[in-house]
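Reading through the structure tokens given below for one structure.
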Amino acid sequence: MPEKPDQQVQVTLPDEPKRDGEGRVEIATPRSNDKWAEALDKLSKLDRSRFDLAKTANCTPQRVLKDVLAATNDRKEECVKKQWKITIKGRVIVLRNILEKISVWTVKLMSLGNAAAQYDPLYTALPWAAIRLILQTAISDIELSGYTLHTVESLASIIAITTTLEMRYLRTHADCPKHVILNQLADGVVLLYASILQYLSLVLGYYCHNTATRLLKSVVSPLNDFVDKFKSVENARKDLWDLVQLAQAESMESLMLHLANMQEAQLEENRVQFDNLGRLLEELRQPIDGLERATRLGILRAISTLPYGIYHKNASKGRLEGSGQWLLERKEFRAWRDDDTSSLAFFYCMRNPAEPQRGQCDKILASLVRQLASVGSEQAVLGPVVTHYTDAIEGIGDFGDQAWSTKESSRVLRELMDDHPAVTIVLDALDEVGEDDRQELMDVLSQLLREAPNTLKIFISSRDNYDIALHFKGSPNVYIEADDNAGDIAAFMKSEDRLTAAKLLRGKLLDDLRARITDALISKARGMFRWVDLQIQSLRPLKIAADVESRLGVLSATLEESYWEIYEDIRRSGDHAADLADFTFQWLLYAQDSIRIEEFAFLASSALDPDGVQRFTQSEIIDVCCNLVVVRGRAFEFAHLSVREFLEGLPKRNVDKMLPRESNMSIAMACLTYMSREFDNWKGLDPDKPAEDTELAAIGYASWFWVRHVNESHDARKTEPLSSHIIRFLLDGTDGTAPTVSSRFRHWGPTVRRYPFLFGEVSPRMGREEEIRLQITSRNPPNPIWVACMNSWLEIVEYMYAAGVEGLEAPRVVYPMFMQDPVTVRGYFGPKISPLWWAILTGNVAVAECILAQGSDPLQPESQMAEWPLVEAVWSGNEKLVSLLLRHEHGGLMAEKEAFREAAARGNLGMVNCFVRHDPEILQTTAGDLALQEALKNRCLNVVYFLFERGIPPGPGAARLLLNVPASDEEAFDLFFKAEAEKAAEAFLRANRDDLHIPQAALARFEMRINEALVDVASRNRRESRHATITSSGCIKRSSKRPVYQSNV
């Protein structure tokens, strides 16, 4: 907007209000006891005079607000064009977003309409008129202008909320008996308004000067003065907000007393008005972001999709009412909690391969950011997060493009605490987070505690891990002793009458035996609810009271002993039941995704009954696991972390079934068997079939994760029974006929490609490299060689070549994103390549050697690659791969020369030596000279010296390159002259002394080094003591004295 530097507006207050001896307006009793008028009366003469420029005469508040809205929109367009941003307290703020908020606040205040009409328009419009003038005046200092707009947005929100507070409490209670708190509230409003006017007066004092005056003042920026003055506004606002909390209760009481004497119609009218104002006040108190609901939802989903609310519900299920009350009454907790009201963010950590995000530091912090950023899609997203997504909001990128690393989440959490008066973070089961992630998470929490601008409290529940206790040493710690929750254990026994519910002795348990059981369990529980549950479970099979009493004397002392007894009972329960329980345990230990128990039942049936005769039910699965597994919500899981730990420790008891190798082998075979059974009668994915369909979910899991389970089974892949499962899934005709790609494998590809659309995001559980590899292997036309090569299943590669499967070397498009170093593949996104080319590009020596051993053509004529395989191997940086290709057909001397030059240019001495060992004559070709030039140009001195030692002369061109070596780099010159290059250098100098393109300082230094080299040569050869020197003309003269170098540069 064009600046109006010299505009002077003379305004007189309506009806020329009387002024006192100091020039201040004498305030008579204003209409409706106007607080702005009282606030204006508290200003100094200078501050009051500045409002004469604000043009408030004959303006209604609605008119001024419309002007403010128009000015805001004009400035917003300017900010959008110039993309102005400022930094406040380390936070980047987009000015367009600030102006958007001002617009929203203005519209909200305009919506009050006639409700505020009885306030004196002169005084009510006063702050808005000042804001209008600020918005209409342009200044060149972007930082100062940005800060002013930032504070104006805060003022707009404060004025809107406080106006509603006045209407709800002070005006509604005008006829009510006076209360102290309401009087204090009225005084607080006046003080807040006065601090606002004082701040606006300071700003107007700068903005209302002409351009020349402001430029003169800008030598010393008033920004610090603005910041200091605005602090008084923030302090007054905080004081008023505290008073409002107290006023809410008292005002309601006085209002009810007052309304008791009113007529019914008037009573209802006042009630409706009071309620409407309450809803409006609640709405005004919410922060403004200027975003549509869909945009907010996109931001929140991009931050984190972890269902922290569901985690809370699942953790709360089964909680005994009133348990843990002893903790809340401990003095340590009471001192920590105090009575502060704070925003809450929480997370339930868990160690579970199916939900790895619940143990990852960056994912946990992102969930905390998500919770503190907004309470839902209907509420505003706070500024630090909005700024993070500026590009996505403006349509430049997608919300998913913004990654939330630990560093990013930590920074934004710190910024979000500026917007929350107090924050409480609760982390449950921190000990279940992996050691590295746990240390990183604790470091971030400690940093937040040190740097938090407002109150931050962190509550952590954990077992007594040494690193956690050491890290938070000095913080309040409450250790749970056995006696602490003895009352909870007793209540647990009595709740729902646990013994009756267990139907001990067929429900005919006598009272005295019941009492002895209860006393025994409570006394030996040592605070463990889980232990009590397990002991009751161990008593259920007993039929005689005497056996129950005998059992009470030999109860297991620990959870592990109790679990071992249960596991032995499972093993004795029958072969099929034991196998089902073992597979269920293996699944919960190593499954890569959470699925419902109904979906798991399909896979379990395939694993244990390949013929498909029997289908297990949910109740059967839970029953055979003897309460070690439970269903919570949509998921089924171990009843307690201690169950997982017991099963992981079974190898100590010589039980190997739960080892990673055996467990992943069982799951892989279950997936392959289930897919084979389904795909043999496959009619394709039904687009109308709901994603919740259990069979569809099971086939989805098997399709995406069978490869990972095969890889995690390690060497078991090479032996029966897993090896035959893999072959039968990939190929038909394994019974002696010519093998072809199986129909099962042909159906697998489309299923993989459809899976993300049916079941949502997969990559949080599967790395980007693994996911892309899976997409490539499932691409049309179906070819199982890609699965074998990309997973280094060499025995499968050998089998397919030996069996004569057709089309094994057919090329396809492969993305380089999954490769270890995309730079080494020179950006080949498009060309089709064969499996051998893929192995070369990724440096996979084992796969390349395996394919070459099968007689494959190393040059791969069908692949669309412009370079020789040998050159690509050099680019991959793998010396072993280069040696491998040199032993096979690789394109002859032409390919060797190009690859040799590239190896020297990259400074890879090992590869250079590899080429020399393969063919020493390569040094005598032009490739040797080119290799030296490339090594010199790229400063690869180890290669340069290697080539010098093997007789490659540097030549004038090489000497010229040394002139550009920095003066401080003596190593290059030493290396050059050690190779006896003085003759070539001397010839170079004679030919190029008058070349103006050569730096003269470098030329002089070069001449000196040549002189020294010649002297050294003469001394070594014991020649006469005359020394050679180079004259200014470049000729050699004999001298009887050692030369003193003089540069004429």
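None of the figures in this text is laboratory data; all of them are computed from the coordinates on show. A quick note: this is a predicted structure, and the numbers were derived from the prediction, not measured. Using ideal geometry, Cβ is built from the backbone for each residue, glycine included, and neighbour counts are taken over all protein chains shown.
Calculate one ³J(HN,Hα) per residue across the range 906-913 by plugging θ = phi - 60° into the Karplus curve 6.51 cos²θ - 1.76 cosθ + 1.60, and present them in order as whole Hz with x for glycine and proline.
8, x, 8, 5, x, 5, 4, 5
Can you give me the long-range amide H partners of residue 731? Hydrogens built in the peptide plane at 1.01 Å from N, cutoff under 5 Å, separation of 5 or more residues or another chain.
When sequence neighbours closer than 5 places are left aside, the close amide H contacts are 742.
How much net charge surrounds residue 740 when only the other residues with a Cβ under 9 Å from the Cβ of residue 740 are counted, with Lys and Arg +1 and Asp and Glu -1? The partial results should precede the final answer.
Numbers: positive: none; negative: 732, 806.
It works out to a net charge of -2.
Give me, ordered by chain and number, the residues 5 or more places off residue 457 or on other chains with an amide H under 5 Å from its own placed amide H.
423, 424, 425
Given H placed 1.01 Å from N in the peptide plane, which residues other than close sequence neighbours of residue 814 have an amide H under 5 Å from its amide H?
The answer is 833.
Kindly flag which residue pairs out of 317/524; 229/407; 363/652; 473/652 have an alpha-carbon separation exceeding 29 Å in this structure. Show your work: numbers first, answer last.
Numbers: 317/524 25 Å; 229/407 34 Å; 363/652 34 Å; 473/652 34 Å.
Cα-Cα > 29 Å for 229/407; 363/652; 473/652; rest within.
When all alpha-carbon pairs of the range 486-542 are counted, what percent fall beyond 15 Å? Show your work: numbers first, answer last.
Numbers: 650 of 1596 pairs.
For the range 486-542, the share of Cα pairs beyond 15 Å comes to 41 percent.
How big is the dipole moment of the range 293-471 about its Cα centre under a simple scheme where the beta carbon of each Lys and Arg is +1, that of each Asp and Glu is -1, and everything else is neutral? Debye, nearest 20, please.
Details: 21 positive and 28 negative charges, 114 e Å.
In total the dipole reaches around 540 debye.
Would you be so kind as to identify which of 310, 417, 466 lies farthest towards the positive end of the dipole of the range 293-471, taking Lys and Arg as +1 and Asp and Glu as -1 on Cβ and the Cα centre as origin?
Value: 310.
What does the C-alpha gyration tensor say about the overall shape of the range 541-630? Classify as rounded when a/c is under 1.5, otherwise prolate if a/b is larger than b/c, or oblate. Display every interim value, and only then the final one.
Values: a/c = 2.83, a/b = 1.99, b/c = 1.43.
Prolate.
Students often check this: by mean Cβ neighbours within 10 Å, which of 846-857, 231-242 ranks highest, and how do the rest follow? Intermediate values should be presented prior to the final figure.
Numbers: 846-857: 18.2, 231-242: 16.3.
Peptide ranking by packing, descending: 846-857, 231-242.
Give me a comma-separated list of calculated 3J(HN,Hα) values for the range 783-793, in order, Karplus coefficients 6.51, -1.76, 1.60 applied at θ = phi - 60°, integers in Hz, x for any Gly or Pro.
8, x, 4, 5, 4, 5, 5, 5, 10, 6, 8
Where nothing but the Cβ of Lys and Arg (+1) and of Asp and Glu (-1) is charged, how large is the charge dipole of the range 401-554 around its Cα centre, in debye to the nearest 20? Don't jump to the answer; show the numbers that get you there.
Working: 21 positive and 28 negative charges, 223 e Å.
That gives the range 401-554 a dipole magnitude of about 1060 debye.
Suppose every K and R has +1 on its Cβ and every D and E has -1 on its Cβ; what is the size of the dipole of the range 486-542 about the Cα centre, in Debye to the nearest 20?
Details: 11 positive and 7 negative charges, 46 e Å.
The dipole of the range 486-542 has a size of about 220 debye.
Taking K and R as +1 and D and E as -1, what net charge do the other residues with C-beta under 10 Å from the C-beta of residue 328 add up to? Walk me through the numbers before you get to the answer.
Details: positive: 330, 334, 337; negative: 329.
Value of the local net charge: +2.
Once phi is turned into θ = phi - 60°, what whole-Hz ³J(HN,Hα) does the Karplus curve with 6.51, -1.76 and 1.60 give for every residue of the range 184-189, x standing for Gly and Pro?
Result, rounded to whole Hz: 5, 5, 4, 5, x, 5.
By counting other Cβ atoms within 10 Å of each Cβ, how are 876, 367, 323 ranked from fewest to most?
By the 10 Å Cβ count, ascending: 323, 876, 367.
Give me the distance in nm between label points sitting 7 Å out from Cα along the Cα-to-Cβ direction at residue 74 and residue 510, one decimal.
Simple spin-label model gives 9.7 nm for this pair.
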